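Q: One structure is given below, represented as structure tokens, and several questions about it will come after.
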Amino acid sequence: MQDIPKVNHTQLVELLTNVSTRRPVMIWGPPGIGKSSAVEQFGRAVGMPVQVAMASQMASEDLIGVPIPDHTTRTSRFYPPSIIARPEPYILFLDEINGAHSDVQRALFSLIHDRTIGEYRLPEGSAVVCAGNGAGTNAVARPLPAPLINRMVHVELRLDLKGWLSWAHQAGLHPLVTGYVEARGVSVLSGNVPGGDEVFTTPRSWHLASDVLTEMGVPRVSEEGQDEPLDLIRLAAGSTLSAGQAEGFLAWVKTRHEGLNLGRLLRGEAKLPDMEAQRSVAIELAHLLGMRLATELPREEVRLRGESLALALGGKRLIAEFALRSPEIAMLIVNREGLPEWFVSQVIEELPAMRAWV
């Protein structure tokens, strides 16, 4: 697809609410980004049930239905499947439509465009929503027929940290999951979709991780420094997330487990972990420090005052401590995107040994 409007989760639900009962909406996005959850939220908002039909798993006869002979008229009538032929208004969600075979896509044309299949017509007020995975996501994807493309409203769902966290809190995801994502930012919600059978990370993966944490009894409420069941957390993360994301998540949990609060480190009330024995924890702290510096320091040095001044001084001191023990980890902080130029210049000036690493 060419560039199409990008919307976040909240904007998508609003669009579906106002448009999909009159015009079919096609949602594009990589696997696991939250297309289905947005449609489910739309259903709850308007009080209509959602009927999911996985187009990629359907055959054309699944749509056309079964012919029933009428011996009086010597004709036959096709009875559509019950998942589609419903008596009350509902939301028909045709998922993975661009993964369907071409004959299925053709059979769906009248259902999407005219809201009919054979002699059956969707009840007045029903909504038709389609979804598909874009090319380059290693998901099965086939070109949609041009006439079908031309009859749908197209949007692409994008990741949005604020919107995802709002949804996650409403959905009751485990606090360890929401806490980590909030601490690390939108980048941890997804990664590259690999080929083969490797586990990869999507927003859906974090939902799965939350479910496993909850079902395995990992406490939802704990204080920093309080013991947490690290073995259970390791199992939950390793079985649902990519290896890198699972390691980062566990390292973040360990910072809580061992009382390595970033605020205390910045104030000089705690010491950095051992760079060799606790390398993953040290890297996680470096990421957290870089993010805080990038988001809370002013763009101009003259605006430094109060808390931001204390953050700048504490940040430079911690970077210097990192540099003494592991220049590579220190550079994870200095190379953080979004750091003010004046801050990076001061760090390099005050730590000449790091110039070779820049």
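Q: For Lys35, which lysines qualify as cross-link partners when the Cα separation must be under 16 Å and same-chain residues fewer than eight apart are set aside?
A: Lys6
Q: For the range 1-87, state which trypsin sites (Lys or Arg not before Pro) are in a DSSP loop and have at most 13 other beta carbons lying within 10 Å of their beta carbon.
A: Arg22, Arg74
Q: Using DSSP H assignments, which helices in the chain have an axial alpha-carbon span of 27 Å or above and a mean Kyte-Doolittle hydropathy of -0.5 or higher?
A: Length and hydropathy pass: 306-325.
Q: Picking from Leu12, Leu309, Leu165, which is most flexible by a Gaussian network model of the chain using Cα springs under 10 Å?
A: In this elastic network of the chain, the residue with the biggest mean-square fluctuation among Leu12, Leu309, Leu165 is Leu309.
Q: Taking a cut-off of 12 Å between Cα atoms, list the aspartates and glutamates near Lys162, but don't count ones fewer than 8 places away on the same chain.
A: Hits, sequence-local ones excluded: Glu182.
Q: Counting helices only, and only those DSSP H runs with n ≥ 4, report the 222 nm mean residue ellipticity of the chain as the sum of -39,500 (n - 2.57) divided by its residues, in deg cm²/dmol to the nearest 500.
A: Here the helix-only value at 222 nm equals -13500 deg cm²/dmol.
Q: Related question: Can you list which of the GluC sites (Glu not before Pro) found in the range 240-305 are DSSP loop residues with at most 16 other C-beta atoms within 10 Å?
A: Glu258, Glu269, Glu276, Glu300
The numbers here are math on the coordinates, done by the rules we state, and not lab data. As the structure is a computational prediction, the values presented were derived from the model and not from experiment. Positions of Cβ are backbone-derived with ideal geometry, glycine not excepted, and every protein chain shown enters the neighbour counts.
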